Each structure stands twice: as C-alpha cells, then as structure tokens.
Amino acid sequence: MENSTVLEARGICKSFYNPVKIDVLKDVSFKLKRGEYASIIGRSGSGKSTLLYILSTMDTDFTGKLLIDGIDLHYKSEKELAAIRNAKIGFVFQFHYLLNEFTAIRNVMLPGFKLNKVSEEELESKAYEYLKDLGIENLAHKMAYKLSGGEKQRVAIARAMINDPLIIMCDEPTGNLDSKNADIVFNIFKELTETFNKTLLVVTHDLIFAEKTGRIIELDDGRIIRE
Amino acid sequence: MKQKHLIEIAVALMLARWKQTLVATIGVTFSIALFISLLGFMEGLNQLLDGLVLNRTPHIRLFNDIQPSKIQPIDLSEQYQNYHNFISSVKPVNTRKEIYNAQQIIHKLKNDKRVFGVAPKITAQVFYNLGNIDLNGIINGVDAEKEAKLFAFSDYVIKGNYRELETISNSIILGQGAADVMNAKIGDIITVTTTEGEQFSLKVIGFFQSGMAEIDKIQSFASLTTTQKLLGEDSNYISDIQIKLKDLNKAPALAIEFEDFFKINAEDIQTANAQFETGSGVRSIISYAVGITLLIVSGFGIYNILNMLIYEKMDTIAILKATGYAGNDVKKIFISISLSIGVAGALAGVFFGILLSAIIDAIPFSSPSIPNVTTYPIDYGIQYYLIAIIFAMVTTFLAGWMPAKKASKVDPVLIIRGK
Ligand SMILES: Nc1ncnc2c1ncn2[C@@H]1O[C@H](COP(=O)(O)OP(=O)(O)OP(=O)(O)O)[C@@H](O)[C@H]1O
Ligand SMILES: [Mg+2]
C-alpha cells in the first residue's frame, strides 16, 4: 500500500487543431506513487498546464491512457469523472480562482459540500484548520473578492486539501507569493506527503522550489526530457 | 450532495445580480397579476352580460302558437287526395292561446328531475289610458314568488315590494318607461283597457326596469289572478309555461322532447338568444390569448436574465466543475434560480392580482340596464389563479432549462485557460 501507484500516464498525446495541427503533448508517460512530491518544470508553452488539465480529468480530449488510483478513466462519464475529481484530486490553478460571491471559508468548504461525507460543522472546523496552517485564519470570513492575490492563492490551496484527496495538483501555486509564504506552502506540501502520505504534483517556474521536491519532471516541447 | 448547498450557491448567484433577478421577478408578478385580473374582469363582465339575458329568460318556454291548421278541408276531399293543393291566405280559426291542461303539465314538469323550476305566465295585451291618449301595453301575469326565485324578478323591481302583487288585489308593477310617460307614482290608480274593450283600475305598487327601454315602456307585471280577471278568463287560464332547467345546455334537446310529449310549442333559450353564447366565447378566447401571451413574455425575461447570468458567471461555473461538481449539479443550480424567480413572481403575482381585482371591483359602475350592479364585476374564480400559477411554473421551468443546460455544458478548461 505504501508504495502503490496513485497516478499513471501512458503515452499521452494531445493536439490542437486551429486550423493546423499542433502537437502539444507527445507520448508523455510517467507514474506517481503515494507520498511522492514531484514537480514539473519547463519553458513557457511547453505544455505543462495542458498536461495538468488532462491529469486532473477536466480535459478528456487526448489519446493515451490515464489511471488514477488504479482506475482507467477512459469511458468514464462526465458525472463519474466529476466524482473522482471531487474525492481524489485537489487542484490549484495557475491563476487563483475563487467564488467571489462567498467568503474565504465557504470557498474552502465548497468541494466538501459536494462530497457530503462530514457534517457542515466538521467541515467548517477542518477548513478553518487549513486556513490557520496557511496563516490566513483571520481572513476566513472575508469575502473572496476582497482578498489579495497571495491570500486567494492560499485559500485555493486550502480548498484543494479539504476533501483529503489522494493527489493534489498545482499549477504555479507560489506564483503570487513572496519567498516566506512560498516556503510555508512548500512545507505544508512536504508535510502532506510525509505525514499524510499524499501525492503532490506541482508545476512551477521556481527552480529553487523544484529542486527541493523529491522528483523533477522536465517538459520541453511536449516531451519529457529529464526525470 | 445536499440540495441545501446547491440552493446556497443559487441564492449567492442571485444576490450577486439582485437587480436583474428582481426585474425578472417583477416581470412574472406583473404578468400573473394582469392575467388574473384581466380574466376575472372579463369573466365577471361575461357573466353579468349573460346574466342580463340568461337569468331572466326561461330555459324553455311552452306556449300555443297561433297557426293555421295544417290540414285544410280540400285535403280531406277524396276527389283531390292525389293532387297538390295550393291555398293562399289561410287564416287560423278558433285557436286559443290557452294551454290545455296547464296544471297537469306543470305538475308533470315539477316531478321531472332535470327541471329546476316551473312558473306559469299569462300575457295580456292592453292599453294604458292617459286621458284621451291610449298607450300600447302588455301586462304579464306572473306568480311573483316563483318569478323571483327562478328569474331574478326582484332584481328588476326597482321600487316597491314585488310580494304585494299577491297580497293587494288589482295591483300592478309598471315598467319604468310607461310610468314616466303616465307620470305615475306608487299608490296611484291607473286605468287600462283590454282588447275586449273593458276598463280596469289598477293600483301601482312598484316600478320595474329591465334596462331595455323598449321593454320598459310597454311591459308591466300583475298577479295571475288579476290578469285572468282582466282577460275575463277562469282561474285555470295559462298562456305560457316557463321552465328553468338544472343544466342550461340540455335546453334544445328537452324542448324537442316536451314539444312531442305535451303536443305544444316549445322554444329553448339557445334558439331565442343565439348571439349571447358566441359573444362570451369570443371574449373569453381573446382574454386568455392576451393573458397567456403576457406569461410567455415574462418567460422570455427569465430566459434572458439567466443567459446573462451564466455568461457573467462562467468563472464560477468553471470552478464548480473543476472542484468536482457535475454538469447536472450546475444545471440544478440554474434551474432552481429560474424556479425561485417563478415561485416568488407567482406568489407576488397572485397577491397583486387579488389586489388589482379588488380595486376594479370597487370602481363605481352603474348602468340603467343592470340596476343591482354598482361596481365593475369581477369573477374571483380559483381556476384563473391555478392556470396562471401552473402556466408560470411551466414557462419559468422551460425558460430556465435551456440556459441551465448550456451552463452544464461549460468546459472548465476553456474558461480557466482563457484567463
Ligand atoms: N486552445 C488552444 N488552442 C491552440 N493552442 C493552444 C491552446 N491552448 C494551449 N495551446 C498551446 O499549447 C501550448 C502549451 O500550452 P500550456 O498552457 O500547456 O503551456 P505552459 O507550459 O503551461 O506555459 P506557461 O508556463 O506559460 O503556463 C502553447 O504553445 C499554447 O499556445
Ligand atoms: Mg501554464
């Protein structure tokens, strides 16, 4: 169980047609084990975000095989994919995305509403704990649109963790953070992998950040060039 | 997934765009309120106008028509049996207006389950004497009590007590028009001359107004006995039997049946007043068409606002989907927005509909032809409320369905990348 594979990509290819065919991902294959802390680096436009959208099950328009927690995601319905995404995957976007109509803590609780495993009070205290870990518990009841970029990003990270997913994917989670807060995020992720045995997959431009992770996957022009 | 949380999201989205939501709700409110009051008013008016005629007209009238005999002497002659005989200017002989066995017929009809009530009537041709001038008149001999019960007689007696017809002998209720010409007041004694040339004195105990000037100038009412005396007939003399049925629509069929059974002429109300049914029907159709158009237009309002909301809240939809909400959940959110607008609009619409109806109901309206009506008529029938609510629910659901479906199909990757 300790070293079981959580995510496996086999020969993933992705092309855009507008109007000429551009191959963005070419035969990408790799495996992530439980508790692994991996980062994806690469030039801008090398296909990092595209890969992450595919791995997060949001983009289903690709060829190749994708298994999450041993389940082949091919032929799964939109509803089933949504349920998998909700329960097993946490996602932090390249540009922080929150619901402006809600407070920070409601935003964190949002995936929990869908999962509906614990009571609302439990969910709220859990959300509060995550916000506290990220140092923004005092902002819990502030409306999302009133937060700064970095604060939003940390709320988004808390949201990705709320359902205890197997794997958390982040697209430049520290892009808006100063080095001190980037360190906090790094350490939270590290703790998640080490004590909670979660798998982290982080796309980053921050090479120092990447160096500290256990594994670096480098993409160039849609191919893995270094592991 | 708890409904509660979907609704929480729906409410948050509505509050974020509360002005537009309010406008859409007002649209629904407006259309339902108008639908209810328009139809209530129209139907009230229909009932009033129909009532004008239908309430005081017998559903079936039995009488003896004065007609020449269908069999003429030449038809009986053996010599001309197989000929076509043409006789011009045939005159009726010896035909009486009296209905034979009137009491038996009335008795038989009273025991008929389809009949609501029966009232006998006598019409007498007279002249009202006004000094040297004689005015044409018709005195209707009626059973005042039955006339009131079956044909709303009391509504049209605008002065005096109709019951006195039975208690005061030789009394008359004059048509308002005739009374005006004769300058008669209650308590006055007027004289009339019958077609036989006899003069009678009658005491005026009330006035009658039907609203149709031609009728009010000529017609008057007296008791059966008084009229029989006037005509010099015995107390069995009846010239008309008026029948009110339980179901108005059966009148034509029953008229034919009675005609055969009693060997008498029978006329049903539909034949006598064909134009009224058509008028009411057309008015109803027009008001339903206008009302339903209003409801549909309010549906378009909801459709527009939901479309706009979805366009503005693409990010929200994308986040919901990215964090694991299925297309179906998103659809539910937007349909509940649409239905909330519909329900809130319907409730407010019913409230304002009743209010508007009450206002119309209080506007003074008087017409000489409808003496007992003082304000505009409104029908508070529950059916208009039900139709309006059901129709509003269906339109809001459909108006919400299409945008909601669109929202459920939003591709989160496209939105997230678009930033
Ligand atoms: N919808 C699209 N149609 C056509 N080409 C696209 C589309 N989306 C992305 N691309 C192209 O795919 C390539 C990879 O894009 P992607 O967003 O994955 O890059 P990235 O590695 O995340 O870059 P960055 O570090 O700047 O975020 C880019 O060259 C981009 O132009
Ligand atoms: Mg990117």
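Tabulated data
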read-out: DSSP H segments from chain A that extend 18 Å or more along their own axis, Cα-based, with Kyte-Doolittle mean of -0.5 or above; value: A:104-115, A:149-161, A:179-195
read-out: Pairs beyond 23 Å (Cα-Cα), from A:K126/B:K2; A:K152/B:K19; B:K121/B:K244; A:K48/A:K88; value: A:K152/B:K19
read-out: With Cα atoms, 0 to 90° folded angle of helix B:18-54 axis to chain B main axis; value: 10 degrees
read-out: Estimated 222 nm signal from helices in chain B, with DSSP H stretches of n ≥ 4 weighted -39500 (n - 2.57), rounded to 500; value: -18000 deg cm²/dmol
read-out: Anisotropy class of the range B:263-328 from Cα gyration tensor, a/c 1.5 cut; value: prolate
read-out: Accessible area in the full protein assembly, largest first, 1.4 Å probe, for B:W401, B:W18; value: B:W18, B:W401
read-out: Cα centroid separation - the range B:1-73 against the range B:136-181, whole Å; value: 36 Å
read-out: Angle in degrees between helix B:274-312 and the longest Cα principal axis of chain B, rounded to the nearest 10; value: 10 degrees
read-out: Cβ-defined net charge surrounding B:D143, 12 Å radius [Lys, Arg +1; Asp, Glu -1]; value: 0
read-out: Positive minus negative residues near A:G11 (Lys, Arg vs Asp, Glu; Cβ under 14 Å); value: +2
read-out: Amide proton proximity set for A:I216, modelled H, under 5 Å, gap of 5+; value: A:S39
read-out: Rounded to whole Hz, the Karplus (6.51, -1.76, 1.60) HN-Hα couplings of the range B:401-417, x for glycine and proline; value: 4, 5, x, 5, 5, 4, 4, 5, 8, 4, 8, x, 4, 4, 6, 5, 5
read-out: Volume per residue of the C-alpha convex hull in the range A:87-201, rounded to whole Å³; value: 90 Å³
read-out: 10 Å Cβ neighbours from other chains, averaged over peptide B:306-319; value: 2
read-out: B:S69 long-range amide H proximity, modeled H, under 5 Å; value: B:V93
read-out: Residues of the range A:27-172: accessible area per residue with a 1.4 Å probe, Å²; value: 38 Å²
read-out: Accessible area that becomes buried as B packs against A, both chains, 1.4 Å probe, Å², nearest 100; value: 2600 Å²
read-out: Hydrodynamic radius of chain B per Kirkwood, over alpha carbon pairs, in Å; value: 27.1 Å
read-out: Dipole-positive endmost among A:N107, A:P19, A:A160 within chain A (Cβ charges, Cα centre); value: A:P19
read-out: Percent accessible area from carbon and sulfur atoms, the protein assembly as shown, protein chains only, probe 1.4 Å; value: 57 percent
read-out: Where the Cα pairs of the range B:231-347 fall when distances are cut into 10 Å bins, in %; value: 10, 21, 15, 12, 11, 11, 10, 6, 3, 1, 0
read-out: Volume per residue that the Cα convex hull of chain A spans, once the total is divided by residue count, Å³; value: 129 Å³
read-out: Cα lying deepest toward the dipole's positive end in chain B, options B:F391, B:Q228, B:G211, charges on Cβ; value: B:F391
read-out: Three-way shape label, the range A:30-86, alpha-carbon gyration tensor, a/c 1.5; value: oblate
read-out: Whole-Hz ³J(HN,Hα) from phi, Karplus 6.51 cos²θ - 1.76 cosθ + 1.60, for the range A:196-212, glycine and proline x; value: 9, 6, 8, 9, 10, 10, 10, 8, 8, 9, 7, 5, 5, 4, 4, 4, 6
read-out: Charge dipole (debye, nearest 20) of the protein assembly as shown; +1 at Cβ of Lys and Arg, -1 at Cβ of Asp and Glu; value: 2100 debye
read-out: Mean shadow area of the protein assembly as shown, taken as a quarter of the surface of its Cα convex hull (nm²); value: 49.7 nm²
read-out: Pairs of alpha carbons in the range B:354-409 whose separation is greater than 15 Å (percent); value: 67 percent
read-out: Inter-chain Cβ neighbour average for residues A:101-113, partner chain, 10 Å; value: 4
read-out: Dimensionless Rg over Rh [the range A:141-227; C-alpha; Kirkwood]; value: 0.99
read-out: Per-selection Kirkwood Rh - the range B:1-109 (Cα, Å, 1 d.p.); value: 22.8 Å
read-out: Local net charge near A:I105, Cβ-Cβ under 15 Å (Lys/Arg +1, Asp/Glu -1); value: -2
read-out: In sequence order, calculated HN-Hα J values of the range B:146-155 (Karplus, 6.51, -1.76, 1.60; Hz; x Gly/Pro); value: 5, 4, 5, 5, 8, 10, 6, 4, 4, 4
read-out: The range B:111-263 - Debye-derived log10 I(q)/I(0), Cα point model, q = 0.12, 0.13, 0.18 Å⁻¹; value: -0.53, -0.61, -1.05
read-out: Calculated Rg and Dmax of the range B:278-377 using C-alpha coordinates, Å; value: 22.0, 73
read-out: Candidate aspartates and glutamates - alpha carbon under 15 Å from A:K33, same-chain residues fewer than 8 apart omitted; value: A:E2, A:E8, A:D69, A:E194, A:E227
read-out: Amide H within-cut-off set for A:V92, under 5 Å, with H built and near neighbours excluded; value: A:M169, A:C170, A:D171
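The values are calculated or read from the model by the stated rules, or taken from the named source; none is laboratory data. All figures in this text were calculated on a predicted structure; none of them were measured in a lab. FYI the Cβ positions are ideal-geometry reconstructions off the backbone, even for glycines, and counts take in every protein chain you see. To get the accessible areas, we keep the full protein, side chains included, count just its heavy atoms, and leave off ligands, DNA and RNA. Shrake-Rupley method; radii C 1.70, N 1.55, O 1.52, S 1.80 Å.
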